[in-house]
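Everything below concerns the one structure shown next.
The values are calculated or read from the model by the stated rules, or taken from the named source; none is laboratory data. Everything quoted here is computed from the prediction, not taken from an experiment. Cβ: placed from backbone, ideal geometry, glycine included. Neighbour counts: every protein chain shown.
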Amino acid sequence: TPLRYLSQPRIATSFPRLTQEFFARRGVNAEIITLSGSVELAPLLGIADLIVDLVETGSTLQANGLVELRTILESQAVLIVNRASHQLKADLIQDVIQRLRAAIEEGVAP
């Protein structure tokens, strides 16, 4: 991997703890640069050598001339509701669920 060639890579991310742990477990002494948003611009601006970011389709990476090297964590979005709201606002919650399902089927972010 390209990490072998970087003695101390500068890595931009919105997930500094996860990123630090990932690279530390692999013996990489990385400099973590915490950003909140537009992380994909960090290499273009010379702020970082690599990024760790949340990727859904990869189109933003591609638009910025970046390629995914490795998946470090699989995740999923989960809708959570407390019991009282589930009972008192059942219709509203079902509406939200239907809208989310429709957006997913259309491939559009809600």
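I'd like the full set of residues that are over 20 Å from Ser7 (Cα atoms), surrounded by 10 or more Cβ atoms within 10 Å (Cβ to Cβ) and of a type in the set (A, V, I, L, M, F, W, C), limited to the stretch 57-71.
Hits for the stretch 57-71 are Leu61, Leu66.
Sort out which residues of the stretch 51-96 are under 23 Å from the mean Cα position of the chain (by Cα) and in a helix (DSSP H, G or I), and write them in order of number.
Ser59, Thr60, Leu61, Gln62, Ala63 - these are the residues of the stretch 51-96 that are under 23 Å from the mean Cα position of the chain (by Cα) and in a helix (DSSP H, G or I).
Output the number of residues of the stretch 65-101 satisfying the condition of being in contact (Cβ under 8 Å) with a residue 12 or more places away in the chain and of a type in the set (A, V, I, L, M).
10
Considering each of Leu18, Leu54 in turn, give the residue that is closer than 25 Å to Gly107 by Cβ and either surrounded by 13 or more Cβ atoms within 10 Å (Cβ to Cβ) or free of Cβ contacts under 8 Å to residues at least 60 places away in the same chain (or both).
Leu54 is the lone residue from the list that is closer than 25 Å to Gly107 by Cβ and either surrounded by 13 or more Cβ atoms within 10 Å (Cβ to Cβ) or free of Cβ contacts under 8 Å to residues at least 60 places away in the same chain (or both).
If you take the residues in the stretch 25-50 that are charged (D, E, K, R) and assigned to a loop (DSSP other than H, G, I, E, B), which one is nearest to Pro9 (Cα to Cα)?
Applying the filter and picking the extreme gives Asp49.
Every residue in the stretch 1-40 that is among the β-branched types (Val, Ile, Thr) and modelled with pLDDT of 95 or more, please.
Passing the criteria: Ile11, Thr13, Thr19, Ile32, Ile33, Thr34, Val39.
Which condition does Ser38 not pass, out of (1) assigned by TED's automatic domain parsing to the domain that holds Pro16; (2) surrounded by fewer than 13 Cβ atoms within 10 Å (Cβ to Cβ); (3) of a type in the set (Ser, Thr, Tyr), if it passes all the others?
(2)
Yes or no, residue by residue, for (1) surrounded by 10 or more Cβ atoms within 10 Å (Cβ to Cβ); (2) closer than 26 Å to Leu100 by Cβ; (3) β-branched (Val, Ile, Thr); (4) not assigned by TED's automatic domain parsing to the domain that holds Ile104:
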residue: Ser7; (1), (2), (3), (4): no, no, no, yes
residue: Arg10; (1), (2), (3), (4): yes, no, no, yes
residue: Gly27; (1), (2), (3), (4): no, no, no, yes
residue: Leu44; (1), (2), (3), (4): yes, no, no, yes
residue: Leu50; (1), (2), (3), (4): yes, no, no, yes
residue: Val81; (1), (2), (3), (4): yes, yes, yes, no
